[in-house]
Structures are given as C-alpha cells and as structure tokens.
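Chemist: I am attaching a structure below and will ask some questions about it afterwards.
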Amino acid sequence: MEMKIPSPEEFFGFRMGADRRLARWDRIVEYFWQLDRSPCVKVVELGKTTMGNPFLLVIITSPENMENLEEIRKVSWRLAHPRGLSEEEAERLVSRGRAVVSMTMSVHASEVGGTQMAPELAYELATSDDPEYQKIRRETVLLLVPSANPDGQIMVVDWYNKWLGTEYEGCPLPWLYHKYVGHDNNRDAFHITQVESKMLTRLLFKEWYPQAQVDFHHMGSYGARFYIPPHMDPIYEHVDPLVWAEQRLYGGVMLAELEAAGKTGIETQATYPADGGPYWDEAPIMHNICGMLTESASAKLATPIYIHYQQLEPSRRGRPEYRPQMVFPHPWPGGWWRLRDIVEQQKIAALAVLKCAASFRERILRNMYLKARRQMEWGRSRPPYAFIIPLEQHDALTMLELLQKLQAADVEVHRAREAFRAEGVLYPEGTYVVFTAQPCRPYVLKLLKQTFYHDGPWTRKPDGTPLPPYDLATDTLHEFMGVRVIEVSKPFEGDFELCETIPLPEGGVEESEKGYLLDGRLNRSFAVVCALLKEGVEVHRVQEPVGDLPKGSFYIPPQPGLEEKLREYARSHHVTFKAVESVDFERRALRLLRVGVYQRYYGGNIDEGWTRWLLEQYGFEYETVRDAEIREGKLAERFDVLILPSDHKSLILGEKIEEYYRKIRPKYVMPKYPPEYRSGIGEEGVKKLREFVEAGGTLVTLGRASDFAIEELKLPIRNVVKDLKPKDFLCPGSTLKVRVNMDHPLAYGVAEDCLILFRNFPVFEIQKTMNNEDYQVVVSYPEERILQSGWLIGEKYLSRKAALIEAKMGKGRVILFGFSPQFRAITAATFKFLFNCLLG
C-alpha cells in the first residue's frame, strides 16, 4: 500500500509561516524527499553548496510529462536556439512542448518567506485534484529551487531560534549569510564565481532554458506589501520587447489573483528598474527568458511586526505617494504583518505565474522562438556585428577565463580557422570572435559593449538630483578583467569554427641550468608563487625587464628537485617557466607576508568576504582579525600586513553607528544586537594600528576604509569628493582610465593602460608638507576624458588626483586604495595591486 505523503503542516508540526516558527534546511530537504514519492515530483540534488549542504532542484509536472521530461527539456532548449529551425518545425515543437517555469527562493537568506513557502506550494501542486492544479501540471513543468542559499538559510534559522523569546528576537544576523559573499550572491550572475551561481547558471542557460524565471525576495517593512512585475524604467534597451510584454502579462495575472484573494498593498512597475544588473531575475532577461522579481515586505524574520498607517511610505522611485494609483491600486491600511502573510502572497503569485503559463502555453513557447530568432536577425543587420578578442593580451590566461565565463552562460564563441580582415585590420588564425547574431545577443552586448549609462528623466529626480542605478552603471566584464576586446561595427567575412570548449594552454618548463622566469603579468603566476613559497622553494622578484618580460617577473633559481615541481605547476596553472640565459639582472628574494583581514559584525562586510574568497583562490594565507585582537595590540608579532576591506569609518570604529545608520535610513531606529555582536576597534584599536604601522607593519585600506586611515591616522591626504552632493560628483560603478607608475613595486605586473572600477570611492589629494617624498602616488587620474564606461558626473574632481597612494609612517606604511582592487572578484585587471601588497 502506497504511503500517504504528509502535508507540510503534518511533517513540520506547524503551518508554514506560523508566528515564530522557521523550518530549517535539513528538515526541508527531508520533506522534499518525501514529496519525491509522488509521480508528479522529481527531486534532484544539483550538487553541494559552499559549505557542503545539498542544493536541490524540485521538478513538478504531470506523470505523463514526467515520463517525457527529457523530450520536453529538448524542446524548450531548441526553441531558444532556433538556428536552422523553420517556422513549420517550430510550430510542431510548440504543439509538443510544455511551458517551463523556474522559480528560485530566498537567495538572500534573511528573506525567509520563499523557502518557507516552497514546501506548501510543492505539496499543493503535487497532490491537489483541483482542475486548475491539474491544468498546471498538464501544461507546465515547474523547476523549483527551494533555497538558492541553503548555507545562509541554516545560519539565519539557527540565529533566530537562539534569541527567540529574548529582547533580541528577530534581530538581523550579525555576519554574512553566505560564507563569502552575503547579499552579493545576487550580484554573481555574470561573473559566476560561487558554486551556487555555477549550478543556477547551468540549470537556466545550459540545460533547460525555461520560458519564465521568478526570483522571490523580501524588501523593507514600511512600503508596499508586495512588489510584482513588471519592472520600472529605465530598462535595458537591447532586451527583446516581448520580454517586457510578457512581464506585463504575468504581472497582470498576479495582480488579479492577489486582489481577488484580498491581498492589498500590491505594487507594480516601481522601485526596481530593469537596466540589466547581474541578478537572477535580470540575467535571464538577457537570454530571452521572462525574468521576474517579487519583493515581499519583511516581518522580523518569523516574528510579527506592527506598522502604523502613518509609517507607510512611498517607494524610492516610481510611486511618489502612499495612496491609490495605477501602480498601487489598493493600499494596505497598516496593522500586524506576519510571515504567514508573506507565504500566502508569494504562493498566490507563484500559482498565478503557473496559471498564466498554462493558459498561454503555445503563445509563450512561440514567443521564445520569436525572441531568439529576432535577436539573431538583429545581430546580422545591426551594429555591432561582433567582438574580436585578439590573441595578444596583457594576461592571456585571464582572456581565456573571460571566454570560459561567457561560454558557461551559453554565449557562442568562435575561433578563426584562417587569417581574416575586419574594418581594415588583419587578424591571425586562432583569433577568438563573439558574433552578436546569436540568441543571447543582449547578454553579449551587456558584457562586451562599451556602455554610457543613460542620463535622462528616469535617472534624475525632479530637482535634477541623479538617481544612481540599482547596482553598477556598467557591467563591461572585459574592462573589469583587463581583456582587450574590439567592437566591430561593419560586417566582415572569414572562416570560423564554433568552440565547443575554451582550452587553456598546457604550460611547460623550458630547459635551463640557470633558473626560470615566470611572467608577472599573469594573475595565475601569483598562485604559483604562493604555492612554491609554501613548499620552501626560493623565488625572487625581478627589478628590471628581462628579455620580453617586463619588470616584476618572478625568478626561480636552480634547486634540487625543482624541475618536477615546476612541471606539476605548469600543468595545473597553465603557465610556462621560461629558461634564463643569464642571471645578470637585479632581483630580490620573496617571502609570503603574514596577512590579517579585519572582520566586523553589524551584518558583516561583503567586501571582507570577497577579499577572503579571492585570497583563497590564489593561495594567499590569512587570518581573520577581530576587534579584541586589534585592541590587545602586539599585532607586529603576528602580522606583516593588515587589510581593512572597504567600509564606513563608523563601522570600523564602532562609534557613532546610530548616527551613521540615521544618515542612510533617516526614519529608522537601528536594530538592537546582543552586546557581544556590537563590534568596533574604538580609540584603543586606532592607537594599536598606529603602533603596528610605526613599528614596520603595512596597513592596506581598500575603498572607503581609506577615509578611516586618513582621518584617524592623521595622514596629510584629503578625500576631495567626501562632502560633494550627487549633482556635483557621482560615479556609481564605472570603469575609469588611470595612469600607473610602472616603476613602483605595487604596480608590478599591472597593465600600464588598465582601467579601475570606481563606485563612489575616495579621491586623494596629497597636502603640501615638509616631507612630500614620504607619499608615493602609484595610480592617478589623467587630466580629462577619464570615463571609459558607465556614468560620471564631475570629472573635474578626478582630474590629476590620486587613486592609490603608499604613505610612509614611521618604519611602516599605509597603502590607501581609492577603489576596491578585488571588487566582487571581478576586477582581474587590478588584482595584482593587492597581491603585490602581500609579497615581501
């Protein structure tokens, strides 16, 4: 006799979204494996998360569709890739296909509603005999990711339960809700660094290609109750207009279903623009998938919150009043707001998407074919026609990594079988080309085309104050990575083959009796050097050009057993160890410095997490340093280098934090954390940092942390943009041209024409002192024409100013970055500025 599948309430012992109750990921996984007994459910473990937890995909459809699942997947994929597909063949596929919808829950783990809602949604879809549910199962396939961040889900639930029944009940998690990247796990859809991102990318763009994707989130507590599609302006102009039409279709059904169910406070087409950020709702849009976002008003995790009507506010943009209007037809009157409210509204919205997909199945499948075909046609008839990636690069391995990232997201990459000419330039055999005549043309343009963010009525307030983009003003990945890409605006011909993979070179070791040189321009060389130094191999930094290698290459002298070690690293890191003909060059022995990375609480610092992740990828060892260790002193006994990741001065000091919080959220009272999670180094910590530097230590301050160093260590340096209004100066995530002092050791290996990614960071001016020689400018801005891609207001404030300074202090130094050289681990062009700080 078949066992009855329990409802979520029966299994968990409470209704999903019940006050003060949260289901933990391990139990949710158990429940989905129970649901797997249903003929309508198939559970797949896509892999393990960063911290080793199962990452699940739950497929829900009819038993008949389940038996035919691979055929349905192939149809979904083929309609999205219509090259060589006739309209008649497409129509046959449309008639055989099913509408495929993917949904991702709670990528931001503190936004708990989606993952709590998922078991209830899945149970009803799998077991209900209601005709509407039967139609959904018959006409659609749901790809449900119950948690896009299981590690964080476990952290948040355990934290909430720890403080349940105390004055700290419902307060936010004091550290990042992902081991490394916290909130930025929804900023990783282009660069695809984290294991969870890689699994989602493979699911969406390499395996299934759903017609719709919905990403479920939370927002603040004091605005609308629920944001649903469509997005608001500005939109990314290269996306097919059918995507926006479909957003309106799905959003209209959602709104009708929510209003009919008595759910009020629903907002649409406000707050969240669709200008093409690296999110799990917008990366699909650039693949012709109708990517959508929902945002629920938050409770205090699972604890209800009471909200007065007078506290309810307009949105940041798109809804200027809290009163009925077309984008907000039925305001919520205030009162108690519960997690159960969130679960119910999200479930209604999810079902509405599925009902819409079931009712318009053929139209939606046909649209997928049409969108992909049109993008290919536009790529053949509209410039740019292609992007050429020359073989001659500053860091050829990083160029290949860029192509691998593009290919992982379904971008077609070609390689020339023979030399060809484009716009009068001859390119050799083997040159890589990305043509725009391909289905994901918007994605290609987003990541490879020089971008100037549109400054217009949707990006300014009525008084002219600029409204910065929700994330960055450009996503030109090749500029971040330091890869030379050439945009081609005229058609050209040649013999090209589609690359199945992007192979990396084998690497090698040239025969030599006098030692070996390793190219310091390659980021991967630093990983090799770290590994060699850990093994006790002697490595030197070359202080002058040698052969075709510039200053800053690495020299490995002959040592017993060395050659076999080098062969191993040549294979694993794809580098070549070049023979040395003469050792008549200046060099200095290297050692790995002892590195500490400062970590605070108050929700954690995302830049700190990315710093840890990047150092681990390249083999730099570090220790996490907290407040008490800094205040205790004796730092020089443990560390040679201390890194302060980009952060506001108040959060480093732990002083005037309420004042800082009121400045960024004027009407809010700062959440109350337990005493042991109220961090800050205080005045004593500043004193110990000064002692550390004066005794010979190196303090590295990234981005905004440089303001802390300037003000607290009393450096004669001024941040010239600190108090400027956005009307006068704004640079919200743009690539800027800089001048690099190539003779300075911090610049070894960096390209002279590199770009930096600037996001409203400090801009330095050295004050006139009696000892100006103690302050070395490593990177500075040119006089004019500074912007490469993005949005820059107030170029004059950058002109001839410094972006990276080495400041002498006692026997040590402070290295001030006016940018984050390791920003989200996407800025491969500037990694070496940081790496050079860590080699002594």
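Chemist: Which of the pairs K449/K801; K446/K737; K263/K663 have their Cα atoms more than 31 Å apart in this structure?
Modeler: As for pairs spanning more than 31 Å Cα to Cα, those are K263/K663.
Chemist: Place +1 on the Cβ of every Lys and Arg and -1 on the Cβ of every Asp and Glu in the chain, take the dipole about the Cα centre, and give the residue among Y622, L312, F12 whose Cα lies farthest towards its positive end.
Modeler: Farthest towards the positive end: L312.
Chemist: Also: Among I606, Q153, P466, pick out the residue whose Cα is farthest towards the positive end of the charge dipole of the chain, where Lys and Arg carry +1 and Asp and Glu carry -1 on C-beta, about the Cα centre.
Modeler: P466
Chemist: Separate question: In the neighborhood of H217, defined by Cβ-to-Cβ distances under 11 Å, what is the net charge if each Lys or Arg adds +1 and each Asp or Glu adds -1?
Modeler: Neighbour charge sum, excluding H217 itself: -4.
Chemist: If you don't mind, there's one more thing I want to ask. Could you give the accessible area per residue of the chain, probe 1.4 Å, as a whole number in Å²? If you can, show how the numbers build up before the last one.
Modeler: Details: 32570 Å² over 840 residues.
With all protein chains present, the chain gives 39 Å² per residue.
Chemist: Oh, and also: If you wrap segment 54-161's Cα atoms in a convex hull and average its projection over all directions, what's the area in nm²?
Modeler: Averaging across all directions leaves 8.6 nm² for the Cα convex hull.
Chemist: Give me the percent relative contact order of the chain, please, defined on Cα pairs under 8 angstrom at least 6 residues apart.
Modeler: Normalised by residue count, the contact order of the chain is 11 percent.
Chemist: Tell me which of G424, S553, V700 sits at the most positive position along the dipole axis of the chain, charges placed on C-beta atoms (Lys, Arg +1; Asp, Glu -1).
Modeler: V700
Chemist: Run the accessible area of segment 653-757 with a 1.4 Å probe and give the carbon-and-sulfur part as a rounded percent.
Modeler: 46
Chemist: Here is a follow-up. A828: net charge of surrounding residues, Cβ under 12 Å, Lys/Arg +1, Asp/Glu -1, itself excluded?
Modeler: Every neighbour counted, the sum reads +2.
Chemist: Would you mind counting up the charge near Q776? Only other residues with Cβ under 11 Å from its Cβ, with Lys and Arg at +1 and Asp and Glu at -1.
Modeler: -2
Chemist: Treat every Asp and Glu Cβ in the chain as -1 and every Lys and Arg Cβ as +1, leave all other atoms uncharged, and give the resulting dipole magnitude about the Cα centre to the nearest 20 debye.
Modeler: Working: 106 positive and 116 negative charges, 342 e Å.
Here the chain has a charge dipole of around 1640 debye.
Chemist: Using just the alpha carbons, could you tell me how many Å³ per residue the convex hull of segment 127-176 encloses?
Modeler: That works out to 135 Å³ per residue.
Chemist: Expressed as a whole number of Å, what is the distance separating the alpha-carbon centroids of segment 797-840 and segment 467-485?
Modeler: Cα centroid to Cα centroid, the span is 19 Å.
Chemist: Contour minus end-to-end for K663 and S7, with contour as 0.36 nm per residue of separation and end-to-end as the Cα-Cα distance?
Modeler: Values: separation 656, 0.36 × 656 = 236.16 nm, distance 4.64 nm.
The span from K663 to S7 would gain 231.5 nm if fully extended.
Chemist: Would you mind putting 114-122, 80-88, 517-525 in packing order, based on average other-beta-carbon counts within 10 Å, highest first?
Modeler: For the peptides 114-122, 80-88, 517-525, the packing ranking is 114-122, 517-525, 80-88.
Chemist: Separate question: How much FRET efficiency would the formula 1/(1 + (r/R0)^6) give for E88 and E259, where r is the Cβ-Cβ distance and R0 is 41 Å, rounded to 0.05? The partial results should precede the final answer.
Modeler: Details: r = 41 Å, r/R0 = 1.01.
That pair, E88 with E259, gives E of 0.50.
Chemist: Taking H placed 1.01 Å from N in the peptide plane, check which residues at least 5 places from H217 or on another chain put their amide H under 5 Å from its amide H.
Modeler: Placed amide hydrogens put T294, E295, S296 under 5 Å from H217.
Chemist: Suppose every K and R has +1 on its Cβ and every D and E has -1 on its Cβ; what is the size of the dipole of segment 102-221 about the Cα centre, in Debye to the nearest 20? If you can, show how the numbers build up before the last one.
Modeler: Numbers: 9 positive and 16 negative charges, 99 e Å.
Charge dipole, segment 102-221, about its Cα centre: 480 debye, nearest 20.
Chemist: How much mean residue ellipticity at 222 nm does the chain get from its helices, if each DSSP H run of length 4 or more adds -39500 (n - 2.57) and you divide by all residues, to the nearest 500 deg cm²/dmol?
Modeler: The per-residue figure over the chain is -9500 deg cm²/dmol.
Chemist: Next up: Report the gain in length on full extension from E493 to E45: 0.36 nm times residue separation, minus Cα-Cα distance, nm rounded to one decimal. Write down the numbers at each step before the final one.
Modeler: On the way: separation 448, 0.36 × 448 = 161.28 nm, distance 4.49 nm.
Taking E493 through E45 to full extension adds about 156.8 nm, to one decimal.
Chemist: Taking the chain on its own, what percent of its Cα-Cα pair distances exceed 43 Å?
Modeler: Here the long-distance tail beyond 43 Å is 33 percent of all Cα pairs in the chain.
Chemist: Kirkwood Rh and Cα-based Rg: tell me the resulting Rg over Rh for segment 207-255, rounded to two decimals.
Modeler: My calculation of the ratio gives 1.00.
Chemist: Please get the size of the charge dipole for segment 659-786, origin at its Cα centre, with Cβ charges of +1 on Lys and Arg and -1 on Asp and Glu, quoted in debye to the nearest 20. Let's see the in-between values first.
Modeler: Numbers: 20 positive and 19 negative charges, 185 e Å.
About 900 debye.
Chemist: A further question on this structure: Whenever you get a sec, compute what percent of the accessible area on segment 532-638 sits on carbon and sulfur atoms (1.4 Å probe).
Modeler: Solvent-exposed carbon and sulfur of segment 532-638 make up 44 percent of the total.
Chemist: At a 1.4 Å probe, what is the % contribution of carbon and sulfur to the accessible area of segment 356-455?
Modeler: C and S fraction of accessible area: 50 percent.
Chemist: Just to verify a number: what accessible area does Y322 come out at with the full protein assembly present, 1.4 Å probe, Å² rounded to tens?
Modeler: 30
The values are calculated or read from the model by the stated rules, or taken from the named source; none is laboratory data. Remember, predicted model here, so these are calculated numbers, not experimental data. Methodologically, a virtual Cβ is constructed for each residue, glycine included, from the backbone with ideal geometry; neighbour enumeration extends over all protein chains shown. Ligands, DNA and RNA are excluded from the accessible area calculation, which covers all protein heavy atoms including side chains. Shrake-Rupley method; radii C 1.70, N 1.55, O 1.52, S 1.80 Å.
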